[in-house]
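First up is the structure itself, then whatever we jot down about it.
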Amino acid sequence: MILREMDVASAAVSTYLPESRVISYPEKYIGSSERTAWQPIGDLIRERTKSNRIGIELSAKMFGVKAHAALANNLDLSKAIGADGLISSLKKVKSEAELTYLEQAGKIADRAMEVGRQAIAIGVRECDVGGAVLQALSSGTPEIPGSPGRPPTMPVGSPASAPHIEWTEARYKMGCQTNFEIGGFRHRYTCGLSRTVFLGEPPARAWHLHQAALDGFLAQFEAIRPGVKCSEIAQAFQRAFKPYGVRKESRSGYSIGLDWTDGGPSFQADDHTVIEANMTFHVLIGIWEKDDGYIFSETVRVSDKGAISLSSMPREMLVNH
């Protein structure tokens with residue numbers, strides 16, 4: 001592990017690596033417009049390896065054109081191997097320890113979802129609902145300590161049709177819906193869970209969207225098993241969902257694990273990855289259209305016999321009166 005000097009102490013308490021395998025570069029490379037940490041990283045790699053086989057993930061976060069140029073100045077990259085997706089491929093099938101963490105994260109997510117649902121009432125600020133969810137994610141359950149991980153997204157509206165946004169200071173009014181997408185975290189392993197909650201009687205269109213989402217979810221859930229391709233799961237979703245006439249262009253599920261998405265396969269028509277036992281997927285039915293907004297999801301584990309949900313949340317429409 002190569003990292004900035006001040007983070008060495010963090011590595012000592014958060015990894016299993018011996019001290020000799022944790023290498024640092026000076027702090028002067030941080031926050032500089034003239035220097036980049038990829039300069040000393042290149043030096044360290046050259047000094048410690050005799051191999052010319054260097055793999056590079058060109059699409060990796062924080063590895064842009066400037067970083068590549070700095071690395072190339074110190075290393076011969078003429079024979080570098082494109083390693084995009086290599087790490088993700090190693091993460092797609094989970095170990096028993098990882099599955100345990102994901103199952104524990106699922107219990108935390110269930111509790112946080114119920115806390116968020118119960119906090120919604122007329123006159124309550126959206127930010128106070130968000131704060132209650134964050135507190136539940138951090139404290140976990142009496143048996144399983146949690147951590148906040150990523151903040152939940154919870155667009156509120158009539159309908160709530162914008163994805164990936166957090167709360168505002170607005171107060172709840174009758175007729176609002178909240179689209180919760182919550183991740184329970186346990187040692188950074190994430191179990192995603194989504195539900196839509198209505199304050200007051202949902203409109204007829206919402207019942208239609210709920211049934212479309214639920215049927216699409218169940219079709220995928222029942223189709224997931226070892227040996228089936230991700231594209232076939234996507235097709236099962238479309239067969240169940242399309243008759244409802246609801247527009248949905250986003251994927252209907254993806255590999256989940258460390259820090260939420262782990263770069264693995266997705267439920268899309270052109271993803272022909274073969275599903276294996278002990279993969280984990282966030283089966284996500286998100287509807288984000290101008291006049292429609294709805295979300296429903298659970299994280300599932302692939303067993304030898306099929307999918308096992310890591311959530312015990314009810315699957316009926318959630319309504320607060």
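Taking the conditions exactly as written (buried (at least 18 other Cβ atoms within 10 Å of the Cβ), assigned by TED's automatic domain parsing to the domain that holds Arg111 and part of a loop (DSSP other than H, G, I, E, B)), does Lys290 satisfy them or not?
It is false that Lys290 is buried (at least 18 other Cβ atoms within 10 Å of the Cβ), assigned by TED's automatic domain parsing to the domain that holds Arg111 and part of a loop (DSSP other than H, G, I, E, B).
Could you tell me whether Ser297 is in contact with a strand residue (DSSP E or B) (Cβ under 6 Å, 6 or more places away or on another chain), assigned by TED's automatic domain parsing to the domain that holds Glu114 and assigned to a loop (DSSP other than H, G, I, E, B)? Lay out the reasoning, then the answer.
Details: in contact with a strand residue (DSSP E or B) (Cβ under 6 Å, 6 or more places away or on another chain): yes; assigned by TED's automatic domain parsing to the domain that holds Glu114: yes; assigned to a loop (DSSP other than H, G, I, E, B): no.
Here the answer is no, as Ser297 does not meet what is asked.
Looking at region 119-139, which of the residues that are more than 17 Å from Ile165 (Cβ to Cβ) and in contact (Cβ under 8 Å) with a residue 40 or more places away in the chain is surrounded by the most Cβ atoms within 10 Å (Cβ to Cβ)?
Leu137
Can we say Tyr29 is touching an Asp or Glu at 6+ places or on another chain (Cβ under 8 Å) and over 29 Å from Ser255 (Cβ atoms)? Talk me through it step by step, then tell me what you get.
On the way: touching an Asp or Glu at 6+ places or on another chain (Cβ under 8 Å): no; over 29 Å from Ser255 (Cβ atoms): yes.
The answer is no for Tyr29.
In region 295-321, how many residues are among the charged types (D, E, K, R), surrounded by 15 or more Cβ atoms within 10 Å (Cβ to Cβ) and within 24 Å of Ala97 (Cβ to Cβ)?
Going residue by residue through region 295-321, those that are among the charged types (D, E, K, R) are 298, 301, 304-305, 315-316.
Among the residues that remain, those that are also surrounded by 15 or more Cβ atoms within 10 Å (Cβ to Cβ) are: 298, 301, 315.
From what's left, within 24 Å of Ala97 (Cβ to Cβ): 298, 301.
Residues meeting the conditions: 2.
When residues of region 188-228 are filtered for being surrounded by 15 or more Cβ atoms within 10 Å (Cβ to Cβ) and either free of Cβ contacts under 8 Å to residues at least 24 places away in the same chain or not aromatic (Phe, Trp, Tyr) (or both), how many remain?
Quick first cut of region 188-228, residues surrounded by 15 or more Cβ atoms within 10 Å (Cβ to Cβ) only: 189-200, 202, 206, 208-210, 212-221, 223-226, 228.
If we keep only those that are either free of Cβ contacts under 8 Å to residues at least 24 places away in the same chain or not aromatic (Phe, Trp, Tyr) (or both) too, we end up with 190-197, 199-200, 202, 206, 208-210, 212-216, 218-220, 223-226, 228.
Qualifying residue count, region 188-228: 28.
Could you figure out which of (1) out of contact with any helix residue (DSSP H, G or I) (no Cβ under 6 Å at 6 or more places or on another chain); (2) assigned to a strand (DSSP E or B); (3) surrounded by 18 or more Cβ atoms within 10 Å (Cβ to Cβ) isn't true of Ile285?
(1)
How many residues, within region 57-113, are among the aliphatic types (A, V, I, L, M), modelled with pLDDT under 95, surrounded by 13 or more Cβ atoms within 10 Å (Cβ to Cβ) and touching a strand residue (DSSP E or B) at 6+ places or on another chain (Cβ under 6 Å)?
Selection size over region 57-113: 2.
As an exercise: evaluate Pro151 against (1) surrounded by fewer than 21 Cβ atoms within 10 Å (Cβ to Cβ); (2) under 17 Å from Ile285 (Cβ atoms) and give the number of the one condition it does not meet.
All conditions are met except number (2).
Here is a list: Asp110, Asp128. Which entry is out of contact with any Cys (no Cβ under 8 Å at 6 or more places or on another chain), among the charged types (D, E, K, R) and closer than 30 Å to Ala277 by Cβ?
Asp110
Can you find a residue in region 19-29 that is exposed (fewer than 15 other Cβ atoms within 10 Å of the Cβ) and either assigned by TED's automatic domain parsing to the domain that holds Pro265 or closer than 29 Å to Gly264 by Cα (or both)?
Here is the first cut: in region 19-29, the residues exposed (fewer than 15 other Cβ atoms within 10 Å of the Cβ) are 19-21, 26-28.
Filter again for either assigned by TED's automatic domain parsing to the domain that holds Pro265 or closer than 29 Å to Gly264 by Cα (or both), leaving 21.
The answer is yes, given that some residue of region 19-29 is exposed (fewer than 15 other Cβ atoms within 10 Å of the Cβ) and either assigned by TED's automatic domain parsing to the domain that holds Pro265 or closer than 29 Å to Gly264 by Cα (or both).
Any residue in region 13-31 that's assigned to a loop (DSSP other than H, G, I, E, B): show its pairings with residues that are of a type in the set (Lys, Arg) at Cβ separation under 9 Å, as long as the two are six or more apart or on different chains.
The qualifying pairs are Thr15/Arg21; Pro26/Arg4; Ile30/Arg4.
The values are calculated or read from the model by the stated rules, or taken from the named source; none is laboratory data. Bear in mind the structure is a predicted one, so any value in this text is a computation, not a measurement. Backbone-built Cβ (ideal geometry, glycine too); neighbour counts: all protein chains shown.
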